[in-house]
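The values are calculated or read from the model by the stated rules, or taken from the named source; none is laboratory data. Not measured: the values here are computed from a predicted model. When we count neighbours, we look across all protein chains shown, and the Cβ atoms used for this are built from the backbone with ideal geometry, even at glycine.
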Amino acid sequence: MSLVIFLVTLGLALATGVPVAFALILCAVTMGISLDLFDPQIITQRLVVGANNFSLLAIPFFLLAGELMNAGGMSRRIIGFAMAFVGHLRGGLGVVAIFAAIILASLSGSAAADTAALIAILLPMMRESGHDEARSVGLMASGGIIAPIIPPSIAYIIFGVATNLSITQLFLAGIVPGALMGLSALMVWIFLARRENVRPLPRRDWPARLRALRAALWSLGLPVIILGGIRFGIVTPTEAAVIAAVYALVIGVFVHRELKLSALFMVFRNAALTTSVVMLLAAAALATSWFISIADLSGIVLDMVAPLVDSPRLLLLAIMMLVLVIGTMLDMGPTILILAPVLLPVVREAGIDPIYFGVLFVINTAIGLVTPPVGIVLSVSAGVSGVPMHRVAVGSLPFLAAQVGVMLLLILFPQIVLGPLAWMR
């Protein structure tokens, strides 16, 4: 009965346009009433406890770091560096987009910000070279969703907080799958670009390449500091987020000198607005999770999928198909916060490594960022490029198909994730 109440309340609230955070609070209220535990004080306390989590502090600092990097010219230098080395190849601008997306993903972890930066800088050049407009934007949108998969990732922080898993291990486990996601999109682009009659960029000589490398050196140093510090236990993910924000501020103001003090107010304002949305959502979801635990919804779901528990790959495939469908209707944060606490006990019962499951879950929800009707990266891509959303969605289909193929490959061969994770541990 509790499961039905939860699903009906959430479905009706979302269908009538209630914001996700308030829909989750409404779920907590209705479940509290059904369990004879309703008390406004309990709801309030769980909201406060949900937001009062040290690990969640990483979110505002990583968001701030992303804003500072875009405003301070770090993102533009990364793209310039990639263009100097691979821009002359056939379809080279698309190759630049994927390489730059992977590097940017290791800096901020924000899919929307990375996609916007890629499109704003590269799309005019891709249009001039004769590339198909919708396909080019679709490629950069598919490149942007690598950001939540390669650390540092806000999605892994949310998943770790929602499930009490190690955020550090989620970070380390996401490196190889994120690179594979980029490689799959790159291979599809190279195949499709051969059929286009485009004018490649001139080959840069080595002095020009070295100048591009020198310009991007400070930007390239940040992922080394973040991932190296986390890998060797020098900093926690939250401390790494603070370092990233301070580093981006110092480089933008004092080294590149593109980040003016007058622009800092808007940078901090944008980061604060995004943080407020994420934190309210996290607090509401974690309050609802408390009632989910009391109602033992995980046990109810486990009873429903009991025939699949003895076949972990089949169970995982069924769960991923469910998450993929839900991800087309919900944003990444709500999908993680609603489903992860319910599904993780089921996965544990089947003997599936929870860190491995977390990586697959985040990959799945990242793909949902480019699928209509809700995909936030799809909306950002259409807004920045001026290309209609339906054309962007069609243009991204070949790359999304390849990335879904990577997810299926990871389901069939878990050691692709677990092997490198064991080595990095």
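In the stretch 24-45, which residues are part of a helix (DSSP H, G or I) and touching a residue at least 24 places away in the same chain (Cβ under 8 Å)?
Kept after step one, since they are part of a helix (DSSP H, G or I), are these residues of the stretch 24-45: 24-34, 40-45.
Listed by number, the residues that qualify are 24, 25, 27, 28, 30, 31, 32, 34, 43.
Quick check, is residue 135 in contact (Cβ under 8 Å) with a residue 12 or more places away in the chain, among the charged types (D, E, K, R) and farther than 26 Å from residue 390 by Cβ? Let's see the steps before the verdict.
Numbers: in contact (Cβ under 8 Å) with a residue 12 or more places away in the chain: yes; among the charged types (D, E, K, R): yes; farther than 26 Å from residue 390 by Cβ: no.
In short, no.
Every residue, every condition in (1) surrounded by fewer than 24 Cβ atoms within 10 Å (Cβ to Cβ); (2) of a type outside the set (Gly, Ala, Ser), yes or no:
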site	(1), (2)
124	yes, yes
128	yes, yes
136	no, no
144	no, no
168	yes, yes
176	yes, yes
187	yes, yes
193	yes, no
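Within the stretch 243-250, at least one residue is within 25 Å of residue 169 (Cβ to Cβ), over 20 Å from the mean Cα position of the chain (by Cα) and of a type in the set (Ser, Thr, Tyr). Just to be sure before I move on: is residue 11 surrounded by 21 or more Cβ atoms within 10 Å (Cβ to Cβ) and either in contact with a helix residue (DSSP H, G or I) (Cβ under 6 Å, 6 or more places away or on another chain) or part of a helix (DSSP H, G or I) (or both) in the structure I sent? So residue 11 does not fit the description; no. Could you tell me whether any residue of the stretch 383-392 is surrounded by 20 or more Cβ atoms within 10 Å (Cβ to Cβ), within 27 Å of residue 10 (Cβ to Cβ) and not hydrophobic (A, V, I, L, M, F, W, C)? For the stretch 383-392, residues surrounded by 20 or more Cβ atoms within 10 Å (Cβ to Cβ), within 27 Å of residue 10 (Cβ to Cβ) and not hydrophobic (A, V, I, L, M, F, W, C): absent.
Counting only residues that are of a type outside the set (A, V, I, L, M), buried (at least 18 other Cβ atoms within 10 Å of the Cβ) and more than 13 Å from the chain's Cα centre (by Cα), the stretch 355-378 holds 3 of them. Mind listing whichever residues of the stretch 319-367 are modelled with pLDDT under 90 and among the hydroxyl-bearing types (Ser, Thr, Tyr)? Across the stretch 319-367, the qualifying residues are 328, 335. Among the residues making up the stretch 130-167, those that are in a helix (DSSP H, G or I), closer than 17 Å to residue 120 by Cα and not polar (S, T, N, Q) are 133, 134, 135, 137, 138, 139, 140, 141, 143, 144. Restricting the search to the stretch 238-278, which residues are in contact (Cβ under 8 Å) with a residue 60 or more places away in the chain and either farther than 30 Å from residue 21 by Cα or not in a helix (DSSP H, G or I) (or both)? Across the stretch 238-278, the qualifying residues are 247, 248, 249, 251, 252, 253, 256, 258, 259, 263. The set of residues in the stretch 296-327 that are surrounded by fewer than 16 Cβ atoms within 10 Å (Cβ to Cβ) and within 20 Å of residue 154 (Cα to Cα) is empty. Here is a check on your reading of the model: is residue 416 of a type in the set (Val, Ile, Thr), within 17 Å of the chain's Cα centre (by Cα) and either part of a helix (DSSP H, G or I) or at pLDDT 90 or above (or both)? Here the answer is no, as residue 416 does not meet what is asked. Of the helices (runs of 4 or more DSSP H) contained entirely in the stretch 279-386, those carrying at least 2 residues that are in contact (Cβ under 8 Å) with a residue 60 or more places away in the chain fall at 297-304, 312-327, 332-349, 354-367, 376-385. Residue pairs whose Cβ atoms lie under 7 Å apart, separated by 6 or more positions or on different chains, with the first residue in the stretch 207-232 and among the charged types (D, E, K, R) and the second surrounded by 12 or more Cβ atoms within 10 Å (Cβ to Cβ) and part of a helix (DSSP H, G or I), are 209/84; 209/85; 231/172; 231/424.
Would you call residue 86 among the β-branched types (Val, Ile, Thr) and free of Cβ contacts under 8 Å to residues at least 40 places away in the same chain?
yes
For the stretch 194-220, the tally of residues that are of a type in the set (A, V, I, L, M) and either in contact with a Lys or Arg (Cβ under 6 Å, 6 or more places away or on another chain) or in a loop (DSSP other than H, G, I, E, B) (or both) stands at 4. Each residue in the stretch 1-23 was checked for being hydroxyl-bearing (Ser, Thr, Tyr) and in contact (Cβ under 8 Å) with a residue 12 or more places away in the chain, and 2 of them qualify.
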